[in-house]
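One structure is given below, encoded as structure tokens.
The values are calculated or read from the model by the stated rules, or taken from the named source; none is laboratory data. Quick caveat: nothing in here was measured; it's all calculated off a predicted structure. For neighbour counting, all protein chains shown are included, and Cβ atoms are generated from backbone atoms with ideal geometry for every residue, glycine included. Protein only, heavy atoms only, side chains kept; ligands, DNA and RNA dropped before computing areas. Shrake-Rupley method; radii C 1.70, N 1.55, O 1.52, S 1.80 Å.
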Amino acid sequence: MKLKQFFLTLLFLSFVSCFSCFGQTDQKADSLKTLLKGESRDSVKANLYNLLADHYRQKDPLQHQIYALKAIQTSRAINYSFGLATGYNMYGQVFENSAGYETALLYYDSSMTKWKQMGQEKEEAHMLLNMANVYNRMGNYPTAADYTIRSLKKQEKLKNTFGVAVCKLTLGNIYYQQNDIDGALKSYEEAYAMNKASDKNADLEGAALGNIGAMFKQKENYDSAIYYIRLAAITFKKNGADLRLGSTYNNLGACFRSLKNYDSAMYYGRKGLELYKDGNRPEGVANALMALGTTEEILGNVDSALTFFSRGAIIAKQIGARDLESNFYSGLSAVYKKKNNFERSLYYLERYMNLDDSLHGEEATSSIEKLKKNYEIDKKNKAMLDVEESKALAEKNYKRNIIFFITGGFLLIGIIITIIILLRSKQKHNSFLEVKNDEISQQKEEITASITYARRIQQSVLPDERILQKSGLEYFILNKPRDIVSGDFYWLADKNGKTYVAVADCTGHGVPGALVSVIGVNILNKIIEQPGSPSPSEILELLHVMMIHALNKDADARDTNDGMDIALLCIDKNLSKVTYSGAGRPLYYHDATGMHSVKGNRYSIAGEKSEEDAPFTESEISFVNGTTFYMSSDGYADQFGENSGKKFLSKNFQDLLSKVSSLPISEQSKRIDEEFMKWKGNLEQVDDVLVVGVKI
């Protein structure tokens, strides 16, 4: 079988020299956060957000994403081009690191457009290189080579030695993917030498050393390979780039495998897998699975090899890593052949050959060779390429951002417009009310029918309740909108053996509240789709930032009140514990010792949460079977009673939960609903009501 070790350098991506985070400790983050607390100038705050995003780039992917978003929001509010250009770059790295390559390209292109508008050719060249790296990861090598050479020409024109070094590193990656080992090794060695002669960037040094080692491994010079790869690991460790170590572990494992030291090969393979899982890097996980599967196949453990290759092929296909995907197909073909399943072996062999031909065929190779020759000619004649960059991807990004709101909220917005038109018509033609009575009545029926249909749309975006059933949980969901559509919503997810349950209360009710709820559900779905298992507090922190971004709210416009209160629960049955985080909404639970309540943070999602406010907190609760957890919006407690004229209040609501907690879960919902209707009597319902109970 042809099974090339898939090695892609995690290239230096920031390219804004003042933002280099390596060699720094978290003291830097603390210092930046201290500066933020006392800073009132939005442009300076945007710069600090970008500095924090870069600091966390290789340390904490979630914080990296949060601060990049904050930088974009703050810069956009004051039309601060430098902050936007840098923020787009930072946010593009979020998606590249999590294998969202198409989205990464959109943000990199937006950043490049901004830099070009400002006349910053150096930064424009850097963004070309970022995009080249993404195309390389996607297996689009001719386009990757094109963007790299365009960047290289600009770097040479600007006499930016460090920029040229990074271009050489990227070209080495492309040569390697085309099996030009000598060309790749030469490029990596040139990159290393140029870096030593210029900025001496630790990240680039580690990447170049690791790649040089990988090429010696390909040339079967294992002593040199292990020497250089270990130098790379030392460099990454020394400068705090822990997430970069995975590639060094994978390559060390490959060297030991070639030396038939299979225990060491498996050891380093598992270290790489563990590191990449913790760092939420799906491409790294796939590379580690490839290394482990290859070793298991050599050892004759075909079932284990089949498991590793199958998992890896799925990940590689999902993230668009086509070269790695083809290698997994080759591995699967070989494993099935050893299992005497020749039909499946042939199937995967055909998939491997088709994909490999498209990646490494003569057409792709000749395209790259042509680009290399053109570059040499241009370099010799000093004819620098200066082509106007297209804004098509940036426009596509804008359309993609608004498409959800157009499709999800179009009907609801149409209803609002219809209502406004009807009200104006009513005011203008007050004298004809008697004549138009039947017509207005009919229009009201049409509006009601439209809102009822809108409810069906809103219900369709809510998660399937069967998520709780599949998790083996008993539950009830009592949902009573005030105006057909609701500003309250529940959200469920199941990931990595954990079940997430949330109850949210959006600002307002009816159509406006429903619009915000649709946005909230969409954002939560996007957060949970990311790799890893985020904690409730991390989800709320990211939800807070992304809601502000989605609602286009800047720091001076928080009084628009759009946002939500939310209680979020993560249930881990394996560890017999739940983790709760809340923004304005508490958690109630009943166990053998009685009824308990846990308060969340006082600030709301997308509300006035300043830098001085602490991150969303978490509470861990150990449970035994039979414990019931309750979350609700404030609609139940705020309902006025017909007889008393007073609100029901949270204390009485908690007492009611305690009374019904011993009943079967379905009976609990019925009793809670009956008590509400009894209390309300003939009074109007004042707000949306949502109560969720989960029994473990």
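A few points about this structure:
Residues are listed down the side, and each one gets a yes or a no for (1) in contact with a Leu (Cβ under 9 Å, 6 or more places away or on another chain); (2) β-branched (Val, Ile, Thr); (3) farther than 22 Å from THR593 by Cα; (4) free of Cβ contacts under 8 Å to residues at least 60 places away in the same chain:
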position: SER619; (1), (2), (3), (4): yes, no, no, yes
position: LEU656; (1), (2), (3), (4): no, no, no, yes
position: ARG671; (1), (2), (3), (4): yes, no, yes, yes
position: VAL691; (1), (2), (3), (4): yes, yes, yes, no
position: ILE696; (1), (2), (3), (4): yes, yes, no, no
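- Of all residues in region 628-639, those that are out of contact with any Asp or Glu (no Cβ under 8 Å at 6 or more places or on another chain), in a loop (DSSP other than H, G, I, E, B) and touching a residue at least 40 places away in the same chain (Cβ under 8 Å) total 1.
- Contacts under 7 angstrom Cβ, first residue in region 294-306 being touching a residue at least 60 places away in the same chain (Cβ under 8 Å), partner in a helix (DSSP H, G or I), 6 or more apart: THR294/ARG257; THR294/GLY331
- Candidate set from region 48-97 (those that are among the basic types (Lys, Arg) and part of a helix (DSSP H, G or I)); member that is farthest from ILE548 (Cα to Cα): ARG76
- Scanning region 168-183 for residues that are of a type in the set (Gly, Ala, Ser), under 27 Å from ARG281 (Cβ atoms) and surrounded by fewer than 24 Cβ atoms within 10 Å (Cβ to Cβ) turns up nothing.
- Pairs, first touching a residue at least 40 places away in the same chain (Cβ under 8 Å) and open to solvent by less than 90 Å² (accessible area, probe 1.4 Å) in region 332-346, second of a type in the set (Ser, Thr, Tyr) and in a helix (DSSP H, G or I), C-beta under 7 Å, six or more apart: SER333/SER345; SER333/TYR348; SER333/TYR352
- When region 191-219 is limited to residues that are part of a helix (DSSP H, G or I) and out of contact with any helix residue (DSSP H, G or I) (no Cβ under 7 Å at 6 or more places or on another chain), the one that is least open to solvent (accessible area, probe 1.4 Å) turns out to be ASP203.
- Counted residues, region 286-331 - those being more than 22 Å from the chain's Cα centre (by Cα) and in a loop (DSSP other than H, G, I, E, B): 3
- Unmet criterion (only one of (1) surrounded by 24 or more Cβ atoms within 10 Å (Cβ to Cβ); (2) at pLDDT 90 or above) for ALA104: (2)
- When region 230-255 is limited to residues that are under 19 Å from LEU169 (Cα atoms) and more than 30 Å from the chain's Cα centre (by Cα), the one that is most open to solvent (accessible area, probe 1.4 Å) turns out to be ARG230.
- Selection from region 517-542 of residues that are touching a Phe, Trp or Tyr at 6+ places or on another chain (Cβ under 9 Å) and hydrophobic (A, V, I, L, M, F, W, C): VAL518, ILE519, VAL521, LEU524, ILE528, ILE539, LEU540
- Looking across region 617-656 at every residue that is within 37 Å of the chain's Cα centre (by Cα) and of a type in the set (A, V, I, L, M), the one that is surrounded by the fewest Cβ atoms within 10 Å (Cβ to Cβ) is identified as VAL624.
- Among (1) in contact (Cβ under 8 Å) with a residue 12 or more places away in the chain; (2) surrounded by fewer than 22 Cβ atoms within 10 Å (Cβ to Cβ); (3) assigned to a helix (DSSP H, G or I), the one test that VAL44 misses: (1)
- Qualifying residue in region 157-166 (condition: farther than 14 Å from ALA125 by Cβ and either out of contact with any helix residue (DSSP H, G or I) (no Cβ under 6 Å at 6 or more places or on another chain) or among the small types (Gly, Ala, Ser) (or both)): no
- When region 116-153 is filtered for residues that are open to solvent by 10 Å² or more (accessible area, probe 1.4 Å), within 15 Å of SER81 (Cβ to Cβ) and among the hydrophobic types (A, V, I, L, M, F, W, C), only MET118 remains.
- Test: SER662 is under 19 Å from THR593 (Cα atoms), open to solvent by 40 Å² or more (accessible area, probe 1.4 Å), more than 39 Å from the chain's Cα centre (by Cα) and free of Cβ contacts under 8 Å to residues at least 12 places away in the same chain: yes
- Taking each residue of region 521-539 that is hydroxyl-bearing (Ser, Thr, Tyr) and looking for partners that are open to solvent by less than 30 Å² (accessible area, probe 1.4 Å) and assigned to a loop (DSSP other than H, G, I, E, B) with beta-carbon atoms closer than 6 Å, six or more apart or interchain, yields SER537/PHE616.
- One residue from GLU667, GLU642 being charged (D, E, K, R) and either under 19 Å from ALA567 (Cβ atoms) or assigned to a loop (DSSP other than H, G, I, E, B) (or both): GLU642
- Number of positions in region 64-102 that are among the β-branched types (Val, Ile, Thr) and closer than 13 Å to ASN130 by Cβ: 2
- Of the residues making up region 572-604, those that are of a type in the set (A, V, I, L, M, F, W, C) and within 21 Å of ASP655 (Cβ to Cβ) are LEU587, ALA592, MET595, VAL598.
- Among the candidates TYR267, TYR188, TYR262, TYR227, residue that is more than 22 Å from SER304 (Cα to Cα) and either over 34 Å from the mean Cα position of the chain (by Cα) or open to solvent by 60 Å² or more (accessible area, probe 1.4 Å) (or both): TYR227
- Subset of region 98-108 (residues that are among the small types (Gly, Ala, Ser) and either touching a Cys at 6+ places or on another chain (Cβ under 9 Å) or part of a helix (DSSP H, G or I) (or both)): ALA104
- Candidates ASP572, ASP565, ASP556 - the one that is among the acidic types (Asp, Glu) and at pLDDT below 90: ASP556
- Residue within region 605-612 that is part of a helix (DSSP H, G or I) and hydrophobic (A, V, I, L, M, F, W, C) present: no
- GLU283 acidic (Asp, Glu), within 21 Å of TYR329 (Cα to Cα), open to solvent by less than 40 Å² (accessible area, probe 1.4 Å) and under 21 Å from the mean Cα position of the chain (by Cα): yes
One line per residue, one yes/no per condition, for (1) touching a Cys at 6+ places or on another chain (Cβ under 6 Å); (2) of a type in the set (A, V, I, L, M); (3) more than 30 Å from GLN63 (Cα to Cα):
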{"site": "GLY269", "(1), (2), (3)": "no, no, no"}
{"site": "TYR276", "(1), (2), (3)": "no, no, no"}
{"site": "MET290", "(1), (2), (3)": "no, yes, no"}
{"site": "SER304", "(1), (2), (3)": "no, no, yes"}
{"site": "SER310", "(1), (2), (3)": "no, no, yes"}
{"site": "LEU324", "(1), (2), (3)": "no, yes, no"}
{"site": "LEU332", "(1), (2), (3)": "no, yes, yes"}
{"site": "LYS338", "(1), (2), (3)": "no, no, yes"}
